[in-house]
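What follows is one structure encoded as structure tokens, with my remarks underneath.
Every number in this text was worked out from the coordinates using simple rules, so none of it is lab data. Everything numeric here is computed off the predicted structure, so don't read it as measured data. Don't worry about glycine lacking a Cβ; one is built from the backbone with ideal geometry, like all the others, and counts go over all protein chains shown.
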Amino acid sequence: MRRQIITAGLWLVAAGLLFGCATTPKADMPIERHSVAPGEQVTRKGQPLRLLGSPIAMGQKLPATGLVDAGTMKPLDLAGLRGQVLFLSLVPSIDTKVCEAQTHYLGEEGDKLPAGVTRITVSRDTPFAQKRFAQAAKLTDLQYLSDYKKGEFGTATGLLVDEIMLLARSVILVDKEGVVRYIQVVPELTHLPDMEAAFRVAEQLVQEK
């Protein structure tokens, strides 16, 4: 157990060095309007990185995977959820400036979304780190799911970044029937996704019968 905690701590430090830590999000961060396909490649400051795993596509059911809910510390399978629109915000690590900005956007601007949209942040941070972040940032109205064990979710969606073994910065929307209806995989990891575009799609999905 002690070894696992030390390993997790070192991994988070490494993630901070990769992306740069900050305590407040910057308003001038680039917003990416384009997307690459799961299973292809992204860049980090121009350096190409492969995306590993089985690529997910729009029109498919969300694959069954084992994520850990930071609030309950229990496994949660997103594929089993029905009757609500899932807004999945994938970030490499919440303890970095761009990921923090993305999560703040989801938590603060996402308040305008109608009832029926469940906002979820997914990362490979430990559940303990996610819970600490939520409390410190006062973003406890979001759900936090961790893929920290084996990267099963990243592998099942084609969104696990080779070399750094973190999730690609992405937004996935899943309709009430569990079908993927929107995907944006940000081509450059240091850019933000187009959250406003995703919000508009989420609003449309809620209205569908």
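Tabulated data for the structure shown
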| read-out | value |
| --- | --- |
| Likely footprinting exposure, M195, M165, fewest C-beta neighbours within 10 Å first | M165, M195 |
| Helical mean residue ellipticity (222 nm; -39500 (n - 2.57) per DSSP H run of 4+; nearest 500) of the chain | -9000 deg cm²/dmol |
| Span-rule helices in the chain, defined as complete DSSP H runs reaching 20 Å or more along the axis (Cα) with Kyte mean at least 1.0 | 2-19 |
| Over the chain: Kirkwood hydrodynamic radius from C-alpha pairwise inverse distances, Å | 16.8 Å |
| Extension reserve of the K61-M165 stretch, reckoned as 0.36 nm per residue once the Cα distance is removed | 35.0 nm |
| Extension reserve of the T140-V206 stretch, reckoned as 0.36 nm per residue once the Cα distance is removed | 21.5 nm |
| Sequence of K112, K97, K149, K209 once ranked by neighbouring C-beta atoms within 10 Å, starting from the fewest | K209, K112, K149, K97 |
| Sorted by Cβ neighbour density within 10 Å, fewest at the top, the residues I183, I172 | I183, I172 |
| Cβ-defined net charge surrounding R124, 13 Å radius [Lys, Arg +1; Asp, Glu -1] | -1 |
